[in-house]
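A short worksheet on the structure shown next.
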Amino acid sequence: MDDWVENGYIGPILDEKGEPLKITTLAFDTHQELVWLGFESGRVTSFLAREWTRYTSYVTNREVREPIRQLLFNEKGIFSLTPKTLQFRLRRAVPQWSLSSSMPSQLPAFVGKENMTSMDCMTFLPKSTSKLLVAGADRRMLVLDVSDSQDGRLVENYPRPSEEPIIMLKSTTLHIVAATRSGWVYVLDPVTYAARYQWKPHQSKISDMCVNSDHITTCGFAQRDNSKFLLEHFLHVFSLSDFTPRMVPFAAGPLHVCSHSVDNSTVFVLSPHGQIHMIHLNQSRSTVVKQTDVVNSPGPGMMEVAPTMQAAAIICEDGLRVVIWSYPNDQLRTCNSPQQPELPNNTPWNRPKIQWTPETPLNVIGMPYYTETLLSAWPEMWHTFGRPPARFDRDFTHSLKPSSGNSYLYGVNPRKGKYIRNQVEPSQIITKLPPKDESRYLSQARHDAQHQDKEDPWRFLSIKFSRFGFSDFDFRFFNDTGFSGLTNHLNNSYANPLLQLLRFTPVVRNAALHHLSGSCINDSCLLCELGFLFDMMEKAKGSICQATNLLRTLAHDPQAQAYFPNQGTAEKGGPGDTLQVLARFLTERIVAEYRDTAEVPDRLQKALSVYTNNKQWCESCSFKKAKNATSSVTDLMYPNDIRPSLTFSKILKDSVERDLVTKGWCDKCKKYRQIHSKKTVLALPDVFVLNATVNTPERKTLWMTPGWLPAEIAIIVNGSQLYCYQGADIQVHLDRGVHPVEVYSLVGMASSIDKDSLNEKSHLVATANTSYCQENPNPDNPWFVMNDFLVRQMKSSAEALSFDERRTPYVLIYQANKHNHIIDNSWKSTIDSSLLFADDDKNPEKPYQVLDPKAEAPRLGTVVALDSEFVSVGDEGIAITSVNDDAKVERPSPKTVARLSVLRGDQGPRWGVPFIDDYIRPKEQVRDYLTEYSGIYPQDLDPKMSKRHLVSLKVAIKKLWILLNLGCRFVGHGLSNDFRELNLIVPKSQRIDTVELFQSRVTKRRLGLSFLLWSVFSERIQKTTHDSIEDARAALMLYEKFLQMQANGTLDREIENIFARGQAYNFRVPKEAVPYGARATTPPSAAGPGGLPLPQPPSTPVKNNAGYLETRPGAGPSGTLSPYSSMGTPWSAKHGGGGGSPMP
C-alpha cells in the first residue's frame, strides 16, 4: 500500500439517452484483470485493468430494470444479482442462463416466485465454487448448483436465520456469515444453514463487513447523546476460533472495511472523509494512510480491494465515478495467475468489390460507420416556438375563387376583427413540459421498472387503447401487487374506491358471497353483483378486473337513478359528494336485499347499522315523542368553533348521538318551534361507514393535522351514555375491564385528489388496510393505495393516515376487531346449483338439453365447451387531436353478451351436446347487432318476437359462475376475450384455450378458429356468420385432437404443418375447401351397438340466403359441423357404432 498512487477514474458512464448511470456495486475479477461495475439501471460493465477502458457491457434484464446488488466470479464467467433475477454470463457478455421471478415457469415447484422477489446478496459455499447461496428479504434462502453440468439448477431452499432481511453474505473455508439490516450477525452451519452463533455488534444497521478464516470485522452506526445514529469510532471484531467479540478503536470512524488476502490480522478501512487506512487488528494501530478526493457527505459509496492487494477501487460520493488507487501501471496486477481476456479480432476487413447489376440485392451494401454523434442520438430539448398557422375553415376554402389568370385564389378574410392583415401572431412559449403519455402497451418495449416507483400514485390515470384494443394495455406496469385494481373507462367508475373498501371489509365480503351462492336470480340485486366482483378480484390475484356488470346494474336501477340523476358525472359538490351519496344508497340497498333471502334476515342490518332511540321534545311546551331507528351511514358533525384540540373520537361521539336543536313542527303547539333532538345508542354495528363531510377549509385543516385520524377507536355503551376513545386511552379501558369495550380498526378510506398541475381533473382513490381480509396477513406494511388500476404499497401507515392540500377524505370504514381476519369460505360447499338443471323453455325444437342432476352434475374437473356472442351497446369514445384533426379512439365501443352456449365436454353419449343456449335480454339500447360476426338478429333479443330462450344477464352469468366454482374446466377459442366481456376471472388451471394450444412455438402467432378447424379436420364453419354452438363444438374437437397429438408425440410436427398451410393460404380458409388428405375415419351411422339409436346433434338455427331463420334437424350449425367428427380417432372406438354419416 505504500506504493499506491491515484491511478485514474472510471466514469461517469452514460446510458442510451446520454444521462449518467448511478453505480450500485463494484468488484475485482478473481480470474482476469478486469474491474466490474453494476448500475442502478441493471447494466453491468467491465473495464480492463491499467488502461481502465471498457471491455464488455450488458443489461441483465431489459424487461425489468433493477439495480445490480452483487457480482461474483468463477473461472468460466460472472454471476450478477438483482432483486428478482440471478444471471450467469461469459465475460464476453454472452448469456448462459438466468433465473427470475418474472419467469416462474422456469422455477422448480418447491421454489415459488415469492422467494425470488427481493434478493440482496450471495456467496459461494465453503470450499466450493459450484454451489451458490442466495438470500435477501425473501423468507427462504436458495441454494443453486452452478457447476458446468447444471445451468443454475435450484437444489434446495432453507429458512432465513432471522425475521429480518439479510443484506450481506460472506463465506470462508469453514463458515458462512450473514448480516441483517438492523445489526445482527449470524454464523451459519455450512450443512444445515442454521444459525450456530449470533452477535449484535451495533445498535443500528451495519455499514460493511469482511470475513476471513480467523475474524469477522464489522463497522456500523450507534446512537450518541440521544441524537440521530452516527458512525461508531470502533471496528467490531468477532473471533471465529474462540467465538469472542472485541473492539478496535478507529478515531476517524470506519465506513467500509475489506480483508487482507494474505494477512488475516490486517484490514483496509475507508473513513467518511476519504482516508484509506491499513489497520493491524492485533496492534490496534494504523500503519499506512492514503487520502482520496472523494470527501463529501455522506461519504464514499463502496470500497473493494484487489485480490493481489495492489489496487483499491472506491465509488465516489455522487455514485457516478470510481476512483482507482493502485501500484503504477508497469507493476500493477489485480488478480493472481490472471487469464488473458478474449479480445475482438481487429484484423482489417477487406471490403469485397460488388458487381452492381439491377438484380443485386441491397443488403450486400454495408452500412457506414460514424465516429461523431448522430443527430438522432442527441437528447430531447424543448424550445420556444412559433404558433403554427391557423387552419382555414372548410367553408372558407370552398368559397375561394380563382383570379382572372388562375394564378391565385382569393376570398373574404376569415380572421377579420382578430388580426390585421399580414400581422404576425404571437409566439407560444412552453413554460412546462407537456404531460407525459400514460400509455403502456404490451406490444411496445417494456418501460423501465424503476420509473414505476418514482411516479406519483395519486395522479389521474386513464387507459390508452392501442390498435390492439383493451388487452394490449400493460396494467402490470401500474400494479405488481397481489391485489387487483379496477378499470376506470366505464360509466360510474367513481364507485371504484368504495368497492375496494367493501372488498377488504370481511363482514361485507362474507355476506355478499354467501348471498350469491344461494338461489337469488334478481337481475337488479347489487349484493349479488358485489359477490361476483369480490370473488373475481380474489381469483385475479393482482390481475386487472372490471366492475362492468355491477356498474351497469347500478346505472339502470330506478332507485339509483332517483339518488343520482346524473350518474357518471360530477355533481355540484364533485365526485366525493357523489360517492358519499352512493355509500348511503349501497349500504341500505344490500341490507334490504340480504333481508329478502337470508335465513337470519336482520343479520347484515345489525352488522352495518347503528340502532338508536331518537327522542324529540319541544322547547316551548315540552311535548315529547320517541321512536327507534337504524342508520347504515353516519355523517360526521363538526362544531362551529373548530379548535386544534378537537379529536376524531369526540366528533364521532357527537355524530352518533346528534344532540341538535332545529326548527320543526310541534304536534301539540300546532306551530313551528325549536325542537330538541338526541339519539341514544341501543346497539353498535360491526362496521361503521362514515361520511367525512369535509366541506369547509376549517374542517380540511383539522384533517391535515399529523396523526389526527386514529387507526383504532374504542366505543363503550353504558346505558344511555356513549363513550368514544382513541390512542392510549383504548388500552387503559381494556385493562380496567369495567365496561365492555368494542374496538374498531380502520379498514380504509376513499379520498378525492383535487385538480392541480399534475391532475387534469379531480378523481377518487382508496387507501385500504389489506390485512383484515386475509387469514394470514403479511407482517409488512399492509396499507395500499388503489387509484383505479394503479395499486401500490404505501411507505407506512403514517402516510396512509395523513392528508394534504390536494387529498380530501370522503368515506371511511371502521370494522370491529373481532371480525378482522375472519374469512368465511364455507359458501363454496353450499352453492345452489339448481339453476343449471332448471328449464322453462317449452320449445320442442330447442337446440340444448339441460343436464341430468343425477348423472351429469358438474364436479371438479368436468370439461365444458364455451362460446359467446356479443352486440354493441354504445359508440366508441373518439377524441379529435389538434394535429391534422386526427381521430383517436379513447374508449372502445362497449359490448354486452347476447348469446351464451355451453356444451358437454366429457366423454359419453352426450358429448358435444349443449346444455346451455341462452339469449340475453340487453339492458341498454343495442347500437349494432354485429350480425356478420355474432349471428344475432334484432328479433332474437326482442321479447315480443323472439323464439329463443331469453334470460337476464344475471341468470346467464350466474350459470357460468356456478360452473366455475364447482371446478369445471372451460374449453374455447379466445377465452380471454370472452371472459373479459363477461366480466369473469377464470384461473388458468380452469381454462383450455385452443388459441394457445395451437399457437406457434416460434412466432407466437395465433390462428383463427375457422382456419384452424379447416386445417386440422377439413371442416368449414362460419360460412355466412358465427354461431356459438358451432364455435364451441369446434373448439372441443380441436382440444381432443390436441390431446391425441400430444399422446402420439406428433404435436410439434402437426403444428408446423398447420402453419405451413397457413403460409400457403395466407391463414384464410380458401373459398373452395382444399382437403389435405382423406378424412381419418368414416363417420358413424345412425345406429349404435345393439341397434340402439345414437344421440342426434341438436338442431341449431341457421341463416339462409334470404336472411331468415330456419332449422335443420340432425345437422350442426350451418349444416356442416357435426359433434361426431372423428378427430383422428375412429368414432366407433370412442362412442360405439359403425358406418354412415350425419354430415350433409
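The values are calculated or read from the model by the stated rules, or taken from the named source; none is laboratory data. Small disclaimer: the values here were computed from a predicted structure and weren't measured. All Cβ positions, glycine included, derive from the backbone under ideal geometry; neighbour counts span all protein chains shown. Ligands, DNA and RNA are excluded from the accessible area calculation, which covers all protein heavy atoms including side chains. Shrake-Rupley method; radii C 1.70, N 1.55, O 1.52, S 1.80 Å.
Within segment 754-783, if we keep just the residues that are modelled with pLDDT of 90 or more and out of contact with any helix residue (DSSP H, G or I) (no Cβ under 9 Å at 6 or more places or on another chain), the residue that is farthest from Tyr494 (Cα to Cα) turns out to be Ser771. Considering segment 342-363, the residues that are surrounded by 10 or more Cβ atoms within 10 Å (Cβ to Cβ) and farther than 30 Å from Leu34 by Cβ include one that is modelled with the lowest pLDDT, namely Ile354. Selection over segment 1023-1034 of residues that are buried (at least 22 other Cβ atoms within 10 Å of the Cβ) and not in a helix (DSSP H, G or I) gives a count of 2. Taking residues in segment 253-271 that are under 14 Å from Ala306 (Cα atoms), and partners anywhere that are hydroxyl-bearing (Ser, Thr, Tyr), the pairs with Cβ atoms closer than 7 Å and at least 6 places apart or on different chains are Val257/Thr217; His260/Thr266; Val267/Thr217; Val267/Ser259. The set of residues in segment 478-521 that are open to solvent by less than 10 Å² (accessible area, probe 1.4 Å), in a loop (DSSP other than H, G, I, E, B) and among the polar types (S, T, N, Q) comprises Ser484, Thr487, Asn492, Thr505, Ser517. Against the test of being under 18 Å from Cys258 (Cβ atoms) and either surrounded by fewer than 17 Cβ atoms within 10 Å (Cβ to Cβ) or at pLDDT 85 or above (or both), the options Thr45, Thr56, Thr25 yield a single qualifying residue, Thr25.
Remark: pairs (first residue in segment 618-643, touching a residue at least 24 places away in the same chain (Cβ under 8 Å); second residue among the hydroxyl-bearing types (Ser, Thr, Tyr) and open to solvent by 80 Å² or more (accessible area, probe 1.4 Å); Cβ separation under 9 Å; 6+ apart in sequence or on different chains) = Ile642/Thr701. Starting from segment 929-958, take each residue that is over 17 Å from Asp1027 (Cβ atoms) and open to solvent by less than 40 Å² (accessible area, probe 1.4 Å) and list its partners that are of a type in the set (S, T, N, Q) and assigned to a loop (DSSP other than H, G, I, E, B), counting only C-beta distances under 8 angstrom and pairs at least six apart or across chains. If the second residue must be of a type in the set (S, T, N, Q) and assigned to a loop (DSSP other than H, G, I, E, B), the pairs left are Lys954/Asn522; Ile957/Asn983.
Taken over segment 162-213, residues that are β-branched (Val, Ile, Thr), touching a residue at least 24 places away in the same chain (Cβ under 8 Å) and either farther than 24 Å from Leu71 by Cα or assigned to a loop (DSSP other than H, G, I, E, B) (or both) amount to 3. With respect to being part of a strand (DSSP E or B), at pLDDT below 90 and open to solvent by less than 30 Å² (accessible area, probe 1.4 Å), Ala222 fits the description.
Listed here are the residues, each with its yes/no results for (1) in contact with a helix residue (DSSP H, G or I) (Cβ under 7 Å, 6 or more places away or on another chain); (2) over 22 Å from Thr373 (Cβ atoms).
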| position | (1), (2) |
| --- | --- |
| Asp3 | no, yes |
| Gly8 | no, yes |
| Pro12 | no, no |
| Glu33 | no, yes |
| Arg43 | no, no |
| Ala49 | no, yes |
| Pro67 | no, yes |
| Lys84 | yes, yes |
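Filtered by the rule that a residue be at pLDDT 90 or above, within 17 Å of Pro190 (Cα to Cα) and either open to solvent by 20 Å² or more (accessible area, probe 1.4 Å) or of a type in the set (Lys, Arg) (or both), segment 129-170 gives Met168, Lys170. Limited to segment 984-1002, what total is found for residues that are assigned to a loop (DSSP other than H, G, I, E, B), out of contact with any strand residue (DSSP E or B) (no Cβ under 8 Å at 6 or more places or on another chain) and at pLDDT 90 or above? The number of residues fulfilling the criteria is 3. Each residue in segment 641-654 was checked for being among the small types (Gly, Ala, Ser) and in a helix (DSSP H, G or I), and 1 of them qualify. Note on segment 716-765: residues that are closer than 25 Å to Glu657 by Cα, touching a Lys or Arg at 6+ places or on another chain (Cβ under 9 Å) and of a type in the set (Asp, Glu) amount to 1. When Asn157 is evaluated against the numbered criteria (1) touching a helix residue (DSSP H, G or I) at 6+ places or on another chain (Cβ under 8 Å); (2) closer than 24 Å to Lys205 by Cα, which criterion, by number, is the only one it fails? Against the list (1) touching a helix residue (DSSP H, G or I) at 6+ places or on another chain (Cβ under 8 Å); (2) closer than 24 Å to Lys205 by Cα, Asn157 comes up short only on (2). Identify all residues within segment 655-682 that are open to solvent by less than 50 Å² (accessible area, probe 1.4 Å) and outside any strand (DSSP E or B); write none if there are none. Within segment 655-682, Ser655, Val656, Glu657, Cys669 qualify. If the condition is being in contact with an Asp or Glu (Cβ under 8 Å, 6 or more places away or on another chain) and part of a helix (DSSP H, G or I), then segment 934-961 contributes Ser934, Leu953, Lys954, Val955, Ala956, Lys959, Trp961.
Being over 24 Å from Asp472 (Cα atoms), without any contact (Cβ under 8 Å) to a residue 24 or more places away in the chain, open to solvent by 40 Å² or more (accessible area, probe 1.4 Å) and not small (Gly, Ala, Ser) is a property that does not hold for Leu1051. Pairs linking a residue in segment 2-25 that is within 22 Å of Arg69 (Cα to Cα) to a residue that is charged (D, E, K, R) and open to solvent by 70 Å² or more (accessible area, probe 1.4 Å), with Cβ atoms under 7 Å and 6 or more positions apart or on different chains, are Leu21/Glu40; Lys22/Glu40; Thr24/Glu40; Thr25/Arg69.
Please find, within segment 108-128, the residue that is modelled with the highest pLDDT out of those that are farther than 17 Å from Val155 by Cβ and either touching a helix residue (DSSP H, G or I) at 6+ places or on another chain (Cβ under 9 Å) or of a type in the set (Val, Ile, Thr) (or both). If we take residues in segment 108-128 being farther than 17 Å from Val155 by Cβ and either touching a helix residue (DSSP H, G or I) at 6+ places or on another chain (Cβ under 9 Å) or of a type in the set (Val, Ile, Thr) (or both), then Thr117 is modelled with the highest pLDDT. Counting only residues that are open to solvent by 40 Å² or more (accessible area, probe 1.4 Å) and modelled with pLDDT of 75 or more, segment 545-581 holds 5 of them.
The condition of being touching a residue at least 40 places away in the same chain (Cβ under 8 Å), more than 24 Å from Gly482 (Cβ to Cβ) and open to solvent by 10 Å² or more (accessible area, probe 1.4 Å) holds for only one of Val738, Val732, Val743, that being Val743. The set of residues from segment 241-279 being in a loop (DSSP other than H, G, I, E, B), on the phi < 0 side of the Ramachandran plot and buried (at least 20 other Cβ atoms within 10 Å of the Cβ) comprises Phe250, Pro254, Leu255, Ser271, Pro272.
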